[in-house]
Amino acid sequence: MIPFNKPYLTGKELEYIKDAVLSGKISGNGIYTQKCNNFFEQKFGFKKALLTTSCTDALEMCAILADIKQGDEVIIPSYTFVSTALAFVRQGAKIVFVDSRADHPGIDEDKIEELITSKTKAIVPVHYAGVACDMDKIMYLANKYNLLVIEDAAQAIDSYYKGKPLGSIGHMAAFSFHETKNINSGEGGLLAINDDKFIKRSEIIWEKGTNRSEFFRGDVNKYGWVDTGSSFLPSEIIAAYLWAQLENLADIQKRRIEIWHHYFDGLSDWAISNNIKLPEIPTYATNNGHMFYMVCKSEDQRNKILSYLKENGVYAVFHYLSLHKSPYYNKKYKGIELSQSDRYTDCLLRLPFFYELKDGDINKIINLIKDMKL
Ligand SMILES: *Cc1c(COP(=O)(O)O)cnc(C)c1O
């Protein structure tokens, strides 16, 4: 059986966890948390990086920092994970869903402007599969209408737009270290802040509404409750695990990109002759080897391929039921039809993708697919 995902252990995780435990300081914001935060600030140029317990938490912090209130509108692609919208809905936002591009499941940048109203507060582009949205177009709109841009970079670690790291372009960004992501700590996330004016408050919201971070640095001589917030920071045990992963970032990325190309080269001709779409990477974007997907001709065809692979011991999956049609949001949704989003919901299929996936197994998957009678 070839699983869909298998979290990769670099080998140092348990050693660092043991070190964190024996240090006697295992709550948050200790040595390993600081190592990770510094790594992200230095490698990707984020002005402030704060580890969180999930990307969902990082997005909730963004919604608080953006001061989203009842009735504010936030523009989000419908084809994304629940948390992209949920974090803002919890603050009372009305979600305005945008369709995906015809050539890519990411947000259709050209359909954003028509959705902007006087109530719009923020745009939340999602870098689907780690492939950059066209950020120049999005930042242009943000400047023109005075909006915040919050990048959902959950899948986009070590990926770039015109040479700039994803997560460093918008006012804020959120990353995920869930076990299905390139770099993982089981559950885990990161808030990246790129606009100075949010830095001070981000530390307070992170630490249950207190100015504890300032106190630890010696900037103030006592700490107390100064704002809203929650317990968004992970324990040192999680940060220690993550540190072992970050030390191996380059190696992990290299192998994942190899796997991606192995699939792509193996399936290209087959895909063209069957009118099935493989991922396209725009020239302004890089590929960080987050996932390999294909877009089938119909829902029926997609489901047939999925069950055929399963019968032959390969766990492929589909994902993202358009959020505007979800049981939770569809009653509130009064917007337009989003035909591309629906198309990806029906026709997209993801193949097994993890660091330890062997070349032999990739060949087996490719050959199974090519041998299938469509
Ligand atoms: C994985 C993912 C999330 C959620 O990440 P968690 O760390 O599980 O909270 C949010 N948005 C996108 C696009 C994702 O892929």
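Values in this text are rule-based calculations from the coordinates and carry no lab data. Here the structure is a predicted model, which means the values were calculated and not measured. Cβ atoms come from the backbone with ideal geometry, glycine included; neighbour counts cover every protein chain shown.
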- Taking θ as phi - 60°, what are the ³J(HN,Hα) couplings along the range 227-238 by the Karplus curve (6.51, -1.76, 1.60), each to the nearest whole Hz, with x for Gly and Pro? 6, 6, x, 7, 8, 8, 8, x, 6, 4, 5, 5
- Name the residues whose placed amide hydrogens come within less than 5 Å of the amide hydrogen of residue 292, ignoring near sequence neighbours (fewer than 5 apart) on the same chain. 351
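Quick one: divide the alpha-carbon radius of gyration of the chain by 2.2 N^0.38 Å and tell me what you get.
Scaled against compact globular proteins, the figure is 1.00.
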- Message: Let me check I've understood the local charge: for residue 155, count other residues with C-beta under 14 angstrom from its C-beta, Lys and Arg +1, Asp and Glu -1. What total comes out?
- Response: -1
- What residue among 79, 315, 344 shows peak mean-square fluctuation when the chain is described by a Gaussian network model with Cα springs under 10 Å? 315
- Query: Net charge near residue 347, counting Lys/Arg +1 and Asp/Glu -1 over other residues with Cβ under 13 Å of its Cβ?
  - Reply: +2
- Calculated FRET efficiency, residue 258 and residue 225, Cβ-Cβ r, R0 41 Å, to nearest 0.05? 0.25
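Over the chain, what is the percentage of antiparallel beta bridges among all DSSP beta bridges, to the nearest 5? It would help to have the intermediate numbers written out before the result.
Working: 21 of 36 bridges.
Antiparallel: roughly 60 percent of the beta bridges in the chain.
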- Query: Near the amide H of residue 52, under 5 Å away, which other amide H atoms are found, from residues 5 or more places off or on another chain, if H is placed in the peptide plane?
  - Reply: 189, 190, 191
- Which order do the peptides 201-211, 350-360 take when ranked by the mean count of other beta-carbon atoms within 10 Å per residue, highest first? 201-211, 350-360
- Message: At 222 nm, what value in deg cm²/dmol follows for the chain if DSSP H runs of at least 4 each add -39500 (n - 2.57) and the sum is divided by all its residues, to the nearest 500?
- Response: -11500 deg cm²/dmol
- Query: GNM, the chain, Cα, under 10 Å: largest mean-square fluctuation among 300, 158, 195?
  - Reply: 300
